[in-house]
Amino acid sequence: MISEELVNALIENPAVSREEVEDVYRDSEFPVLMVEADAVGAVSEFLRDTEGYEFDFLKNLTAVDFEGHMHVVYHLYSTSLRHKIMLKVQVGREQPVVPSVEPVWRGADWQEREVFDLFGIEFAGHPDPRRIMLPEDWQGHPLRKDYVHEPDHYD
Amino acid sequence: MPEAVARRRSSIAAWAFSRGARFAADWDIFIVVAVLGGVFGALFTVQPVMMGLKMLTEEVLAPWLSLTLFNTPQYTALISRIIVEIVVAIVVLKFFVLSAPLLIWLERKVSGHIQSRLGPMHVGGFHGWLQTIADGIKLISKEDIIPSGADKVLHTIGPIMVVVAAITGFVVIPFGNELVPRDFNIGIFYLLAVTSVSVFGVVVAGWASNNKYSLLGGMRSAAQLVSYEIPRGVALVGVIMLAQSLQMSSIVNQQSGIGASEPFVAIPYVVFQPIAFIIYVIASIAETNRAPFDLPEAESELVAGFHTEYSGMKFAFFFMAEYGEMLLFSCVATALFLGGGSIPFVEGYIYAWTNGIFESMHVPFLIGFWHFPVFIIKTYVLVFFFIWVRWTYPRMRVDRLMDFSWKILVPWTFINLIGLGIALLPQFQPVGIWVFAAINWLIVGGVLLKAFKK
Amino acid sequence: MSAAVDEAKAAGKRIKLEEMYLNMGPQHPSTHGVLRLGILLEGEVIIDTIPDLGYLHRGTEKIAEDRDYMQIIHLTDRMDYLAAMNNNTGYVMVVEKLLEQEVPERAEYIRVIMQELNRVASHLLFFGTYGVDMGAVTPFLYGFRERELVLDLFEMVCGARMTHSYMRIGGVAEDLPSGFAEECKDFIDYFLPVVDEYDELLTYNPIFMDRTIGIGALSKDAAIAYGVTGPMLRASGVPYDLRKDEPYSVYDKFEFDVPTGENGDCFDRYFVRIQEMRESCKIVSQALDMLPPGKHQAKTSRIIKPPPGEAYLEVENPRGQLGYYLVSEGEPMPYRLHIRPPSFVNLQVLPDLLKGLKIGDVIAVLGSTDIVLGEVDR
């Protein structure tokens, strides 16, 4: 479990804040921090390289679609210090762009491609920003809540 | 109306089949023994029948034809010779064509039992003995597809070359004392030359498919075949040195003691040349493109091999050629290393004893009637070994395959050759060859020990 | 080979080199599912690999948003169809986490037994198919013969051989039938010597070792950077196993080792899985001995409605760490269910591993990653 001091030290960065929720179940193993979209690259590098944090393992990278905004969600783990943390980045629904964390954790490569494919969130700086699951000429992003499937030649 | 008839007919067949199957299931083991015994017993009659037919042709048929029918007495010998040669050619061809299905069936049964399953059980009733025939009929009835853009002539010639290479090798095999289809005095040389023709067939097949992956597979296969020809050939040179002759029947006779003035304990050459024997068998497995050397034609690899674009009978030709070559190399190994059709060590005595008896009974064609079955037994032991190895080992990678041939097999064959040459020098006789044999067996024993110690 | 080409070019000779693009298509006997690999070759050497996924994409996550929590259990079976028990367990555990639901101890033990048996079955299939990839067909049949025994045990328990749907929120669907413990013990007693036989047949076979040792080595740092989990990670030398490091369910009550490799090559990955089979057998026999009496499922409300919130939970699948991320808004259907598949993340390593190897090694490396396309594509 990551210690409170380390979390507080992170919040001193203006781009990082605690998630404000009330009466909602939150996983105690994964303290949630909201990160501004522009600062994702810097924060990720800081989390990986700084002593005391050493988050070298990206467990999961995904996205959730809410009304009016979307969240990109990162679950991180440290193999040396055995603690975990969760980052969330809020983006809008029109033209969402988030810096890619692939330079920091190579495992983000395909997971970001999947998020792009199914949600439409673009990752700036990703080496290979193509769709991964769906065919290259697919229109739309299916995991969005407002996705309506129009019959095409695959049907 | 036709439906009812068809149903009734099929039900009679079904009843008969099920009765037969039940009978077979109850008396299974006895039937197995009876069938095998019958087949084996029939093998004993092969040589006498062949010899009898030959005598019949020479002494009865040819004179009748030339004197009575054609009225050309000077051509008697020629006519008898023509008839004999034609019959021999047909018999050799039949031997090949009949043993290929048998081998395929045997492989499927043996591989099944190795993999703890049963293999064909259904087709034809008793352990699926008609399975290969059914598969053959299926293959013949398939459409012969030639890919567009492929060279039609070459596409047809490829499989033919490979099959011909396999068949013509059987001409010099000494199946028995008198059962050599054509006893060339350069027998081994002929054999090595003719089996090399299969390389052409493989390359032609790969090229003629108009498919770059087939071409790659064909090239790889050809490289493998050529690399393994050398250890094969050089391993046989040792036998030639011991026998002082290239003639197959002469080699067999020297191992078995037939034809010697005094019977002696004859020793098969495997005693003096175990390393050469092992190398010959391994190189033969590689020559037939069987596992563990079957990367060029492996199904689970990218390049599906030179026979991808072949269907129907042409594919069947490749298949038959593989099994025919397997049988051919086993026959050659038996003849050259294991003593051919002779019973090891005691052949000379038995032969001399029966020789006297049969001569006095005026049935000279019965002499050596046990040669053919004994030859077949030894050959099929080796064939079983081929099959066994195939289903036990994984596949070697191509470059490792080449390494194995050039860096391990070839040096050892040459060491064997030089050693044998030294051992045969007159200064070292008569003990030299035995010392050499002892050294050989020590090496073989050492390798086996290392292999079994984990 | 490129060095020789560069030398020749430097010496002024004109050499024309063509890169060949080889398509190892979706239909192929060895890609363990529908995976398309586009391989750029220079002669026999691989320059680059471009995997193409999505042939088995069925939209599981989208469907899950339209099903209630009980129905999704059946969806999770079909992802990694070889490890259905593990998939089910991960999913019900994440829902139980949100519900803060207690699970009776007997149910936990039964879950462990089923998961470990499924691990054995999955690794047996890996053993068989890896043998076939290498060209040895016989181990395939031996592996499947043993796997049939495990599937018979599963059929005894839940009626299905592959897509079990055996776990329920709060426990398991049904209690163990009578006679199961004896049959299971018989299987373990029979199976452990058979694994030694497999070692003799394939593991220590010189040809097999020649084709797998030193091929496709994944370094420790690369494995962690890529987020690789499971036997692939452990073969590279990182002893990270969820059952030992963050024990869930009742795994902390059992004694077992975590096999770890050294070099991260294909042989290590294969060997780690063979050893894991033995360890799983140990766990199953301990669990059978320690099985407490009790209920097999806790009482839950008829309609499962977790409170609003989110939870993330990982379980140790035969292929790696399977993660479930569940976002609930208090409805009978989840708002968002994300599945983090181990095979998907593990497969990212493939282009890096294959650079510089020869064509003949593609199958060896791909087989050793032990992916299941149902999980990669969902």
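Laboratory data are not the source of any read-out in this text; all were calculated from the coordinates shown. Everything quoted here is computed from the prediction, not taken from an experiment. Glycine also receives a Cβ, built like all others from the backbone with ideal geometry; neighbour counts cover every protein chain displayed.
Structural remarks
- By the beta-carbon count within 10 Å of each Cβ, the least crowded to most crowded order of B:Thr168, B:Thr334, fewest first, is B:Thr168, B:Thr334.
- One decimal place: the segment A:Ser80-A:Val7 gains 24.5 nm when fully extended, by the rule 0.36 nm per residue minus the C-alpha distance.
- The C-alpha atoms of chain A define a longest principal axis, and helix A:108-119 lies at about 50 degrees to it.
- Packing, as the average of other Cβ atoms within 10 Å across residues, places the peptides C:339-352, C:36-49 in the order C:339-352, C:36-49, highest first.
- Neighbouring partner chain Cβ atoms per residue of A:22-32, average, 10 Å criterion: 4
- At most 15 other Cβ within 10 Å, DSSP loop - GluC sites (Glu not before Pro), the stretch C:104-183: C:Glu174
- Inter-probe distance in nm under a simple model that places probes 7 Å from Cα toward Cβ, at B:His362 and B:Ile418: 6.2
- Basic side chains Lys and Arg get +1 at the Cβ, acidic Asp and Glu get -1 at the Cβ, and with that the dipole of the stretch A:1-150 about its Cα centre reaches some 300 debye.
- Between the stretch A:122-155 and the stretch C:164-234, the Cα center-to-center distance that results, in Å: 36
- Averaged over C:221-230, number of beta-carbon atoms from partner chains that fall within 10 Å: 5
- Within a straight-line Cα-Cα reach of under 17 Å, C:Lys185 can be paired with the following lysines, leaving aside sequence neighbours fewer than 8 residues apart in one chain: C:Lys282.
- Cα→Cβ-extended label distance, 7 Å offset, between A:Met34 and A:Phe46, nm: 1.7
- Relative contact order, percent, chain C [alpha-carbon distance under 8 Å, six or more residues apart]: 25
- Shape of the stretch A:4-124, Cα gyration tensor, a/c cut at 1.5: oblate
- Ordering B:340-350, C:190-200 by mean Cβ neighbour count within 10 Å, with the highest value first, yields B:340-350, C:190-200.
- Prolate/oblate/rounded label for the protein assembly as shown (Cα gyration tensor, a/c 1.5): prolate
- Inter-label distance, nm, simple model (7 Å from Cα along the C-beta direction), C:Val45/A:Arg26: 5.3
- Summed over qualifying helices (DSSP H, 4 residues or more, each -39500 (n - 2.57)) and divided by its residue number, chain C shows a 222 nm mean residue ellipticity of -15000 deg cm²/dmol.
- Under 16 Å from C:Lys355, Cα to Cα: aspartates and glutamates that are on another chain or at least 8 residues apart: C:Glu19, C:Glu42, C:Glu44, C:Asp48, C:Asp265
- In chain B, the DSSP-assigned H stretches of four residues or longer account for a calculated mean residue ellipticity at 222 nm of -22000 deg cm²/dmol, using -39500 (n - 2.57) per stretch and the full residue count as denominator.
- Taking B:Phe384, C:Phe154 and counting other C-beta atoms within 10 Å, the order from fewest to most: B:Phe384, C:Phe154
- Neighbourhood net charge (11 Å Cβ-Cβ; Lys/Arg +1, Asp/Glu -1) for A:Leu76: +1
- Cα gyration tensor, the stretch C:60-377 - rounded (a/c under 1.5), prolate or oblate: oblate
- Between C:Glu148 and A:His69, the FRET efficiency from the beta-carbon distance, with R0 = 56 Å, is close to 0.60.
- Computed lengthening from C:Lys299 to C:Asn23, 0.36 nm per intervening residue step minus Cα-Cα distance: 94.0 nm
- Least to most buried among A:Asp23, A:Asp117 (fewest other Cβ within 10 Å first): A:Asp23, A:Asp117
- Fluctuation leader among A:Glu114, A:Glu19, A:Glu102 - chain A, Gaussian network, Cα springs under 10 angstrom: A:Glu19
- Cross-link pairs beyond the 28 Å C-alpha cut-off, checked among C:Lys244/C:Lys305; A:Lys59/C:Lys62; C:Lys253/C:Lys295; A:Lys84/C:Lys295; C:Lys97/C:Lys253: C:Lys244/C:Lys305; A:Lys84/C:Lys295
- With K and R counted +1 and D and E -1, the other residues having a Cβ less than 9 Å from that of C:Leu40 yield a net charge of -3.
- The mean count of C-beta atoms from other chains within 10 Å of the C-beta of residues in A:53-63, rounded to a whole number, is 5.
- Those lysines that a straight Cα-Cα span of less than 30 Å connects to B:Lys450, excepting residues fewer than 8 apart in one chain: B:Lys378, B:Lys407
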